[in-house]
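S.K.: One structure coming up, written as structure tokens, with questions to follow.
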Amino acid sequence: MSCSGFALVLAVVVRLTSCHELPFFSSREADSVWRKAEDIVNGMSPGDYSGEHYACGSGNWGDSGILDEWDSGRSPCWPGSLNMAASWDTELMERWSVETANEFGVPGRGQLGPGMNVARFAWNGRLGEYHSGEDPYLGAKFMEAMMGAYRKSSGTGVMPPLQVAKHFIANTMERDRTSMTAKIDERTLFEVYYPPFIAAIEGGVSAIMCSYNLVQCTSGMCTSERAYACANDDILNKHLKQTMGFKGIVMSDWDATKCQPESAGSKGCTPGHYVDKHVAASAGLDLEMPACMTMQGGTEVKAKERATRMWWAYLVQGRHFGRASFRDAGLREAYAPSVSAPHSNATRGTGGGFCCWWPQPPAQNICASCVSKDFNFQQASCNAADSGTWCGGDDPAPNPSPNPSPSPAPSPTPSPAPLPERCPDRGNNNYKSSCKLQLAGRIVTESTVVLKNEGEVLPLSKHSSVALIGSQACASDPLAIAGGSGWNGMACQDVHKVNLKDGISKLGVGEVSCPDQSDHGNSKAGNADVIVAVVVPAKASEGSDRSTLQLSSEDTQLIRKYSQAGHKVIVAMNAPGPMITSTWDANVAAIAISWLPGQQDGRGIALALYGEDYEASGRLPFTFPKCSTEQCTQADELASVHLGDKIASGQYLKFEEKALIGYRWYHAQGLQVSYPFGFGLFAYGSATVAYTSVAATFKGDDVEITATLSHSGPRAGRDVPQLYLKFPASIPGDAASKPEWVLKGFTKVLVEPGKPATAGFSLSVRDVSYWDDGPGQSKWVCAQGTFKACVGANARDAILDEAACTTFAPRCPAAAGGATVAAAPVAVP
């Protein structure tokens, strides 16, 4: 779209300040925009900026993290953010970001995303919404790619939307999220949980959403005072605004300033009420959402700074802040009932036929402020113990139960044309844009992880007959999303997803049969060339954590029924997070894992299984643990997974593992896992890539690590070489603060047979630094001594091959004793 042809919608709320590409974001640009914001606010009277307009309910937000919910049809039901983490492809992230920037940008909506919480708790029900997987470096690099793409998108004539990075901070589980206190040290915050946010700040993000939980930071510049994240001076003022240099607004999560009974004794809280507004404003909260409960009437505390931050948040994206308010701002009960038609642009109601996934007694009227809907639950299931509260209304009824699709096999689809730099904007018909759906299918395919492929059964041949088994294989609307606010909107709730049967048939495969037995088996399986088991764990959702990392007993038995009988079984599984596969994977021929694929579910998975158009080249963004027993009871599962043994006692709230999360913890414990972090077969397992000639050189103060990649297999493939770094043993801290190996680089490289490729990784001074949280310190310190850098295929194999390692001593700014690094953010720590 050209600048001359661009007409901004909803100009009352936000409008373009110019028609040119935004400049590269830097600290200088941030300061320049701040001065412009100050000039605007200096022209106001205190009465203008101390009221509610700058304190609560302001803005025009598109709601869901990656989907514009309010402008029905502007967004397709994109694959969940977890797909990007599994792709390990920052270029793909940039391409996708061009689309989401336009979808939110044209109607002037703010984007309540991206989600970037680092996975600490394997059962977290919301991992599908986050880009980070279980590693801070992985998340930070994706944030860096997204922020850069959003600013570049302004060159098309559409200024990027305001983005809200969430959830800040230590929001690592949904269980008790409004009442738990995360007791955590400052070093762990800066080295593990802050990096994706630092990258977002460095890229020019407008807003950061503070989370529901309480936080008690116990070291460094922190006071150890317990307070809600949205009223916590240590994390908002001292860390976020002063140390990281964030100049935008801190926005509360929806109704996140309400004091729960467990908040007794925390700063500014009286249980049953809302956080005191003067305490919240003083601690760094700028914008309460969605209504004025804490900030009712406004406050003079930091009012001028708050208004300046609001203007900066808009100006930095090339937009102006108007006086319009969030659609719910006039309500004193968040999400009060609405009589509007479903998915209209009127005030969002409590909805109809959905479960409120905050397990609290109905007497608390929790549905009045519930943010999470689930249309796939019947009322009886919803009212079950520990499930949720049924809220009636006028929204769509639950989707019908899965059943075989009666439609004839679709005709084959020709190979797609190359994707343009940006798909044509079809307005409210974007949800059925062939260009956007092609990109969605590509994301699903290229984030699919092939864990196993015996006998090279993958990629499948179009000439092979396929028997599908499992309840989701031919379902009219297969489960391809999670529940909660991240999946709201017409495209995810009302548009049926493609099932695998239709996805395969679209490729021109003739013999594809659906399940026809009571256990979702297939009577034609015995004569089929291959059996594909389509399995999906229980639906994950905001507001609750998953009850298990295992498939249902029905799906497990179904897989065993055919694999143990000697049939060639491929398991195609949609995973909302880490999974335990060790109870059924021994006898299957192949395993392909996808991640909440959204609208193009079966299409993207079919492309992955057949190697059509794109390659299943994903890598695990989590460790897949191995259960301690073959039966794997619930107790066995808890004993085999990080933090499982600390749930019953409540010790999981104390963050005593510090930096040892995910693969770092399994490595420190010496535990065998089924599939390590970063794992995925290269080119469907047809070859193994060799990593040789690993060397370290210097480019100024940066360390450049290079490696040669080669293989002699039958086909080309896209490899993901990963750089793992071992810090000198001399750096201070206890064992939990010093994981032996940490990810510090990755890239995606095409490697052809007999043609060596080169992978390069750049380590900044920050990358070789640690956070010193000693008394009076609170700073980055460049580590002196010898580092070991290893390049390999995953977190386990990379550190086992000495031939793929090298050593170096960084050029720290000071000659001895370590050197302080500037506190302003520099990419990733």
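The values are calculated or read from the model by the stated rules, or taken from the named source; none is laboratory data. Here the structure is a predicted model, which is why all the values come from computation and not from measurement. Cβ placement follows ideal geometry from the backbone for every residue including glycine, while neighbour counts extend to all protein chains displayed. The protein model used for the area step is the full one, side chains on, heavy atoms only, and it has no ligands, DNA or RNA in it. Shrake-Rupley method; radii C 1.70, N 1.55, O 1.52, S 1.80 Å.
S.K.: For Tyr49, Tyr274, give me the order by solvent-accessible area with a 1.4 Å probe, most accessible first, ignoring ligands, DNA and RNA. Please list the in-between numbers first.
M.R.: Details: Tyr49 30, Tyr274 55 Å².
The ranking, largest first, comes out as Tyr274, Tyr49.
S.K.: Give the lysines whose C-alpha is closer than 20 Å to that of Lys568, dropping any in the same chain fewer than 8 places away, or say none.
M.R.: Within reach: Lys452, Lys462, Lys501, Lys524.
S.K.: A follow-up question, please. Please go through the residue pairs Lys183/Lys744; Lys166/Lys646; Lys432/Lys506 and name each one whose alpha carbons sit more than 23 Å apart in this structure.
M.R.: As for pairs spanning more than 23 Å Cα to Cα, those are Lys183/Lys744; Lys166/Lys646.
S.K.: What's the extension gain from Ala264 to Lys755 if we count 0.36 nm per residue and subtract their Cα-Cα distance? Each step should come with its number before you reach the end.
M.R.: Numbers: separation 491, 0.36 × 491 = 176.76 nm, distance 6.45 nm.
Stretched out fully, the Ala264 to Lys755 stretch lengthens by 170.3 nm.
S.K.: Over 26 Å between Cα atoms: which of Lys152/Lys247; Lys238/Lys267; Lys302/Lys654 fall into that group?
M.R.: Working: Lys152/Lys247 21 Å; Lys238/Lys267 16 Å; Lys302/Lys654 32 Å.
Cα-Cα > 26 Å for Lys302/Lys654; rest within.
S.K.: I'd like the FRET efficiency for Ser179 and Gln242, computed as 1/(1 + (r/R0)^6) with the beta carbon distance as r and R0 of 30 Å, rounded to 0.05.
M.R.: For R0 = 30 Å, the calculated efficiency reads 0.60.
S.K.: Within straight cross-link reach of Lys726, meaning Cα distance under 12 Å, which aspartates and glutamates are found once same-chain residues fewer than 8 apart are removed?
M.R.: List returned: Glu740, Asp767.
S.K.: Further question on the same structure: Which of the three applies to segment 197-331, rounded, prolate or oblate, going by the alpha-carbon gyration tensor with a ≥ b ≥ c and a/c under 1.5 meaning rounded? Spell out each step's value before the answer.
M.R.: Details: a/c = 1.98, a/b = 1.18, b/c = 1.68.
Oblate.
S.K.: I want to check the label-to-label distance for Lys432 and Gln631. Put each point 7 Å from Cα in the C-beta direction and report it in nm to one decimal.
M.R.: Label at Lys432, label at Gln631, 5.3 nm between them.
S.K.: Let me ask another. With the crude spin-label approximation of a point 7 Å out along Cα→Cβ, what separation in nm comes out for Val495 versus Gln777?
M.R.: Taking the simple label geometry, Val495 and Gln777 are separated by 5.2 nm.
S.K.: Indicate the gyration tensor shape class of segment 598-723 (rounded, prolate or oblate), computed on the Cα atoms with a ≥ b ≥ c the square roots of the eigenvalues: a/c under 1.5 is rounded; otherwise a/b larger than b/c is prolate and the rest oblate.
M.R.: Since a/c reaches 1.5 but b/c is at least a/b, the shape of segment 598-723 is classed as oblate.
S.K.: Of the accessible area of segment 487-605, with the probe set at 1.4 angstrom, what percent is carbon plus sulfur?
M.R.: 43
S.K.: Of Val673, Phe727, Gly785, which is farthest towards the positive pole of segment 654-808's charge dipole, taken about the Cα centre with +1 and -1 on the beta-carbons of Lys, Arg and Asp, Glu respectively?
M.R.: Val673
S.K.: Is segment 414-476 best put as rounded, prolate or oblate by its Cα gyration tensor, with a ≥ b ≥ c the root eigenvalues, rounded for a/c under 1.5, and otherwise prolate when a/b is larger than b/c, oblate when not?
M.R.: Prolate.
S.K.: Take every DSSP beta bridge with both residues inside segment 506-612 and express the antiparallel ones as a percent of the total, to the nearest 5.
M.R.: In segment 506-612, approximately 0 percent of DSSP beta bridges are antiparallel ones.
S.K.: If you take the charge dipole of segment 93-138 about its Cα centre, with +1 on Lys and Arg Cβ and -1 on Asp and Glu Cβ, which of Leu112, Thr100, Ser132 is farthest toward its positive end?
M.R.: Leu112
S.K.: Between Ala729 and Thr223, how high is the FRET efficiency from 1/(1 + (r/R0)^6) when r is the Cβ-Cβ distance and R₀ = 30 Å? Nearest 0.05.
M.R.: Efficiency computed from Cβ-Cβ geometry: 0.40.
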